[in-house]
C-alpha cells in the first residue's frame, strides 16, 4: 500500500487549516495524535514484551504527542518514564506534565541510565518541523538511541532525519533506523528511506483536507486510531 | 461487578479537580469522554446493525460529549446526524459543530422525522448536573425517545432521570429505560434503577482521584476506553 507523502510546508499548512478553519484546538489534535502513538505501541510492543517505555520528548509538538502517549501507556499498564531535557514553553506542555506527575510517571534526568532499564524507546524528539542542525543535548541523545539495543518507535519522523532528504550523511542519526514509525496525518517525504513497520495515525481528517493536500484516505479498521501501512522491508 | 456511585456534587468537584489541579482542559476531557461513548456504540451496535445514528445533544457538557462521539462515529463509517435544539454557548461547542459540519454530518431540525430513519439514538441531553425540571423542547423529545422503537444509548445518565432518585414518578421519562448506559468517570446514584448494558468510560483518572472520591478502579482491557461493568437484568 503506497501512501502519498506530504511536504513539511504542507504539513504545517494542514495543521493551520485544522485549527483556523477546522475548529480544532491543539489540545484535541495532540490528544488524538498521542492516542494513536499509544495504540501503535500496544500493537507492536504489547505489555507482555516489557512494560518499561522510555519516552524521549523534544521541545515542540512532537514532544507533546509523546507526553500524551506516555499518559495513555500508563493507563494501559505500562511503566513509562519521560526524558524531557528541553521543555516546551506552551502551557499545554506544562499541563501534560502535570497529568503525568499525577500518574506518578517519572521524569528522568539521566538518559544513559534510563536507557539501560527500558524495553522500548519512543522517539518523540522532532517531527515534520525539524530543520536541523541538532543542538545539544540531542546529538548525543540521538547517538545513544541509534546504538541502543532496544527497539525504537519514532513519532512522525525518525529524529535527526531531514524531513525531505532522510538520514543525515554522517554524524548522529546517519545510521538511525527505528523499528517502527508512526506518521501523523500523512507520511513525510523522508519515509522513503524508512525500513520497518509503518503506521499512520490521526483519524480526524476530512475529505476536503485530503483533497486539498492530495492525500490518500487510509482504511482504518473498526475503532482503531492507527492503521498499519507498510511492513518491514517493503518500499512504500 | 459492583461499582461505587458518585454523587452529582462530587462529580462536579471531581471535574473541577481534573481541570484546576489535574492539568486537564475541557477539550481533552470531552475528547476522551466522547471517544469512550463512540467505542461503546461500536461495541453494542456495530455498523453492521445499521449505520444511522441520531445523536440528541443538550446544551451542556453532556451534549458536547455527544458532539465528539458523533465525530468519531462518522470516522468509523456510521452516518450520524445531530439534533441540537438548544446550543451551548461555550466556544468549544461551536468548534465541535464546525468539525461535524466539515465531515458533512447533518444537524437536523425536525426531530420526529429524523427519528423515523435512525437505527440508534444517542441520548446526550443531560448528564450529572441535571437538576430538573425539563424545559421545552425536551419534555416532548424525551417522550418521543421513550416510546421510540429503536435502541437508545444514554450518556452518563438517562436524560430526565433525577441523578440521585432515578426515573421521574410521572410524565416524560417515567418509563424511559435506555438499552445502554455509558457512565463517565463513575456511575451516578440513579444507576441502581437502570437495567441494561452498562459501560464505564473516562480512562484518565489517577489513583489519588479514585481515593479522594472513594471510587473503584475498573479494569479496562488493552487499549479500550470503555469497560462493560454490568449486564442486562443484573443489579449493580
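Just so it is clear, none of the values below were taken in a lab; they were calculated from the coordinates. This is a predicted model, so every value here is computed, not measured. Virtual Cβ from ideal backbone geometry, glycine too; neighbours counted across all protein chains shown.
I'd like the distance separating the alpha-carbon centroids of segment B:155-174 and segment A:126-175, in whole Å.
About 56 Å separates the Cα centre of segment B:155-174 from the one of segment A:126-175.
Which shape class applies to chain B: rounded if a/c is under 1.5, otherwise prolate when a/b exceeds b/c and oblate if not, where a ≥ b ≥ c are the square roots of the Cα gyration tensor eigenvalues? Walk me through the numbers on the way to the answer.
Working: a/c = 1.37, a/b = 1.21, b/c = 1.14.
Here chain B falls in the rounded category.
Arrange A:55, B:182 by Cβ neighbour counts within 10 Å, fewest through most, would you? If you can, show how the numbers build up before the last one.
Values: A:55 34, B:182 31.
The fewest-first ordering by Cβ neighbours comes to B:182, A:55.
Relative contact order, percent, of chain A when contacts are C-alpha pairs under 8 Å separated by at least 6 residues?
Numbers: 462 pairs, mean separation 52.4, N = 236.
Rounded, it is 22 percent for chain A.
Starting from the Cα of residue B:212, step 7 Å along the direction of its Cβ; do the same at residue B:140; then give the gap between the two resulting points in nm.
4.4 nm
Using the number of other C-beta atoms within 10 angstrom as an exposure proxy, rank A:143, A:160 with the fewest first. Intermediate values should be presented prior to the final figure.
Values: A:143 18, A:160 27.
Ordered from fewest to most neighbouring Cβ atoms within 10 Å, A:143, A:160 come out as A:143, A:160.
If each DSSP helix of 4+ residues adds -39,500 (n - 2.57) and the sum is divided by the residues in the protein assembly as shown, what number results at 222 nm, nearest 500 deg cm²/dmol?
Values: 14 runs with 161 residues, N = 472.
Per the formula, -10500 deg cm²/dmol.
Segment A:186-206 to segment A:1-60: how many Å between their Cα centroids?
10 Å
Where in segment A:137-162 does the label zone of residue A:12 land, with the point 7 angstrom along Cα→C-beta and an amide N cut-off under 17 Å?
Backbone N within reach: A:157, A:162.
Could you give the length gained on full extension between residue A:170 and residue A:221, defined as 0.36 nm per residue of separation minus the Cα-Cα distance, in nm? Don't skip to the answer; put the middle values down first.
On the way: separation 51, 0.36 × 51 = 18.36 nm, distance 3.95 nm.
Gain on extension, residue A:170 to residue A:221, equals 14.4 nm.
Between residue B:21 and residue B:48, what is the label-point separation in nm under the 7 Å Cα-to-beta-carbon projection?
Using points 7 Å along Cα→Cβ, the separation is 4.6 nm.
So in segment A:8-230, what percent of DSSP beta bridges are antiparallel if you round to the nearest 5? Before the final figure, lay out the partial values.
On the way: 5 of 28 bridges.
Expressed as a percentage, antiparallel bridges in segment A:8-230 total about 20.
For segment B:43-130, what relative contact order do you get, as a whole percent, if you take Cα pairs closer than 8 Å and at least 6 residues apart?
Worked out over segment B:43-130, it gives 44 percent.
Using C-alpha positions alone, give me the convex hull volume of segment A:16-141 per residue in cubic angstrom. Intermediate values should be presented prior to the final figure.
Numbers: hull volume 13.9 nm³, N = 126.
Cα convex hull per residue, to the nearest whole number: 110 Å³.
Only residues of segment A:103-118 count here: report those whose backbone N is under 13 Å from the spot 7 Å along Cα→Cβ of residue A:90, or say none.
Under cut-off, by backbone N: nothing.
Using a label point 7 angstrom from Cα along Cα-to-C-beta, what distances in nm, from shortest up, separate residue A:136 from the other copies?
Those label-point separations list as 7.3 nm.
Could you tell me which of rounded, prolate or oblate describes the protein assembly as shown, using a ≥ b ≥ c as the square roots of the eigenvalues of the alpha-carbon gyration tensor, with rounded for a/c under 1.5 and, failing that, prolate when a/b is larger than b/c and oblate otherwise?
Values: a/c = 2.25, a/b = 1.69, b/c = 1.33.
Prolate.
Measuring from a point 7 Å out along Cα→Cβ, what nm distances, shortest first, does residue A:195 have to its partners in the other copies?
6.3
Quick one: with label points 7 Å out along Cα→Cβ, list the inter-copy distances for residue B:101 in nm, shortest first?
Values, ascending and in nm: 4.0.
With the cut-off at 1.5 for a/c, could you classify segment A:185-231 from its C-alpha gyration tensor as rounded, prolate or oblate?
Values: a/c = 2.75, a/b = 1.23, b/c = 2.24.
The shape class here is oblate.
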